[in-house]
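The values are calculated or read from the model by the stated rules, or taken from the named source; none is laboratory data. Everything numeric here is computed off the predicted structure, so don't read it as measured data. When we count neighbours, we look across all protein chains shown, and the Cβ atoms used for this are built from the backbone with ideal geometry, even at glycine.
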Amino acid sequence: MKKIILLLSIFVINFCFAQKSILQSGPMVGYCEMKEAVIWLQTTKNATIKVDYSTTDNPSKVFHSENYTSSKEIGYTYHIILDQLQPGKKYNYTVFIDNKKIILPYETSFSSKKLWEWREDAPDFTVAFGSCMYINEPEVDRPGKPYGSGYTIFESIRKKNPDIMIWGGDNTYLRESDWDSKTGIYHRNTHSRSIKEIQPLLAKTQNFAIWDDHDYGPDNSDRSFYNKQITQKAFKDFWANKYYGMNPNQNEGVFSTFTWGDAQFFLIDGRFFRSPEARITGAKTMLGTTQFEWLIDALSASEASFKIVVIGGQILNTVLDSENYSHFPEEKEKLLQEITANKIKGIFFLSGDRHFAEMSMLPRNNSYPIYDWTVSPLTSGVASQKVLKEDNKYKVPGSAFVQHNFGTISFLGTQENRQMKLTLFDANGSELWNKTILKKELQ
């Protein structure tokens, strides 16, 4: 009898392990609204997935998602919609694969958006931000010292308990072996998403993303990239933003917006519509007409106290780096003029790309200053120390750091004293720099 029990125990343990091994990566929390949220995950083969969830203040009342299946066509990814939420609640959730509960050694939770307007002050919350995540794969990486390192930075971010994580582009690095085929593109996204260090952060924090050249295509990619429809499809399959561009078919770029508390975030696509650097004729554009007009419309219509524009390349740096907005001087000037002419308050730019961190501040006559905070890199190689000598005339003294880093923005205080606290951390989570900007300073 003891032998039978032992064999049954071994069978159950092996079966549960097999179910967990089907889980390639995730679960990841995507967008969370008052009535709906999405949980993303990826498996190694097709399976039937469902998610159970309950509020932390009433765990006995369990809600269930629909059953979802996937296919190789979309990389065995799943976007599980949870549509029985109430505003302002924290939920714990559990993933089931083929009706078997998946036990994970870290917290799986999310919070629905709070209904606060007309009732109380905006809630305090924190957003984490980082860019440039390189995950090594020696078989196809370039020879020499590995370009990626310090993956424990994701544990440091998790320990800050952000409500939202915004991935600021170059969230994976397509290699020469990747960008010419769908197989390669989906392999790279799968490979980067699967490291163990990132899973606890994904599982309990809302995640939003933009892309830059390396998750869009080859280095310095522009609108001419021949596989951009495939990389855009992969971006949609591997992230869980609310939507992707304004085209009804969701196949023209990845720009979007979302709100949380009294902040609105504008996720900008600096690649899909970008004109080639080498082209002499025609108008020079980074955003393209459709996205540019949408952005000005959306900023003008927004009633948010803080309007955070998230984009891959730097906006304000005056040095002609190979990929910042200074290479598109007419469009850059037009953007700044539109902000002024439409009396748009609360603008703040958040950028990545450069493999070092710095703050730029543009003073304006008869208006508030505009900031551009660059936070980079997460795990990719860091820039040369020479960048510290760049003649960026808008650089905020003391804000530049050349090392692995991430940032947080905490939105704090009452309506009368609302503020953003910006903090830059090193890979271990130790503070490097901070700055507080009051709401009234952006009016």
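For the reader, a short list of remarks on this structure follows.
- When each of Val382, Val387 is tested for being part of a helix (DSSP H, G or I), within 24 Å of Ile153 (Cβ to Cβ), touching a residue at least 12 places away in the same chain (Cβ under 8 Å) and out of contact with any Pro (no Cβ under 9 Å at 6 or more places or on another chain), the lone residue that passes is Val387.
- Filter result for Pro276 (surrounded by fewer than 21 Cβ atoms within 10 Å (Cβ to Cβ) and farther than 27 Å from Glu330 by Cβ): no
Listed here are the residues, each with its yes/no results for (1) over 23 Å from Lys90 (Cα atoms); (2) touching a residue at least 60 places away in the same chain (Cβ under 8 Å); (3) assigned by TED's automatic domain parsing to the domain that holds Ile102.
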position: Leu23; (1), (2), (3): yes, yes, yes
position: Gly26; (1), (2), (3): no, yes, yes
position: Tyr31; (1), (2), (3): no, yes, yes
position: Lys35; (1), (2), (3): no, yes, yes
position: Asn46; (1), (2), (3): yes, no, yes
position: Ile49; (1), (2), (3): no, no, yes
position: Thr55; (1), (2), (3): no, no, yes
position: Ser60; (1), (2), (3): no, no, yes
position: Phe63; (1), (2), (3): no, no, yes
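- Residue check for Ile103: farther than 28 Å from Trp260 by Cβ and not assigned by TED's automatic domain parsing to the domain that holds Glu303: yes
- Number of residues in region 201-229 that are more than 14 Å from the chain's Cα centre (by Cα), acidic (Asp, Glu) and surrounded by 19 or more Cβ atoms within 10 Å (Cβ to Cβ): the value is 2.
- Residues satisfying the stated conditions in region 155-183, i.e. without any contact (Cβ under 8 Å) to a residue 60 or more places away in the chain and in a helix (DSSP H, G or I): Glu155, Arg158, Lys182, Thr183
- When residues in region 234-269 are screened for being buried (at least 20 other Cβ atoms within 10 Å of the Cβ), farther than 19 Å from Met286 by Cβ and free of Cβ contacts under 8 Å to residues at least 24 places away in the same chain, 0 of them pass.
- Here region 57-76 is the region considered, the condition is being over 26 Å from the mean Cα position of the chain (by Cα), of a type outside the set (Asp, Glu) and in a loop (DSSP other than H, G, I, E, B), and the residue that is surrounded by the fewest Cβ atoms within 10 Å (Cβ to Cβ) is Ser60.
- Residue within region 359-367 that is assigned by TED's automatic domain parsing to the domain that holds Tyr325, touching a helix residue (DSSP H, G or I) at 6+ places or on another chain (Cβ under 9 Å), exposed (fewer than 14 other Cβ atoms within 10 Å of the Cβ) and under 20 Å from Tyr325 (Cβ atoms) present: yes
- Any hit, region 272-282, residues being of a type in the set (A, V, I, L, M) and under 17 Å from Asp372 (Cα atoms): no
- Within the option set Asp321, Asp297, being modelled with pLDDT of 95 or more, surrounded by fewer than 20 Cβ atoms within 10 Å (Cβ to Cβ) and not aromatic (Phe, Trp, Tyr) holds for one residue only, Asp297.
- Qualifying residue in region 134-146 (condition: in contact (Cβ under 8 Å) with a residue 40 or more places away in the chain, out of contact with any Pro (no Cβ under 8 Å at 6 or more places or on another chain), within 20 Å of Asn189 (Cβ to Cβ) and surrounded by 18 or more Cβ atoms within 10 Å (Cβ to Cβ)): yes
- Residue in region 342-351 that is under 20 Å from Lys421 (Cα atoms) and touching a Ser or Thr at 6+ places or on another chain (Cβ under 7 Å) present: yes
- Members of region 30-56 found to be outside any strand (DSSP E or B), within 14 Å of Phe110 (Cα to Cα) and not β-branched (Val, Ile, Thr), listed by number: Glu33, Met34, Lys35, Glu36
- Residue count for region 390-443 satisfying the condition of being surrounded by 15 or more Cβ atoms within 10 Å (Cβ to Cβ), part of a strand (DSSP E or B) and of a type in the set (S, T, N, Q): 5.
- Checked across region 334-342, the condition of being of a type in the set (Asp, Glu), surrounded by fewer than 20 Cβ atoms within 10 Å (Cβ to Cβ) and without any contact (Cβ under 8 Å) to a residue 40 or more places away in the chain holds for no residue.
- Test for Lys307: is it assigned by TED's automatic domain parsing to the domain that holds Leu201, surrounded by fewer than 17 Cβ atoms within 10 Å (Cβ to Cβ) and without any contact (Cβ under 8 Å) to a residue 60 or more places away in the chain: no
- Residues in region 29-56 that are under 24 Å from the mean Cα position of the chain (by Cα) and among the small types (Gly, Ala, Ser) were compared, and the one that is nearest to Lys204 (Cα to Cα) is Gly30.
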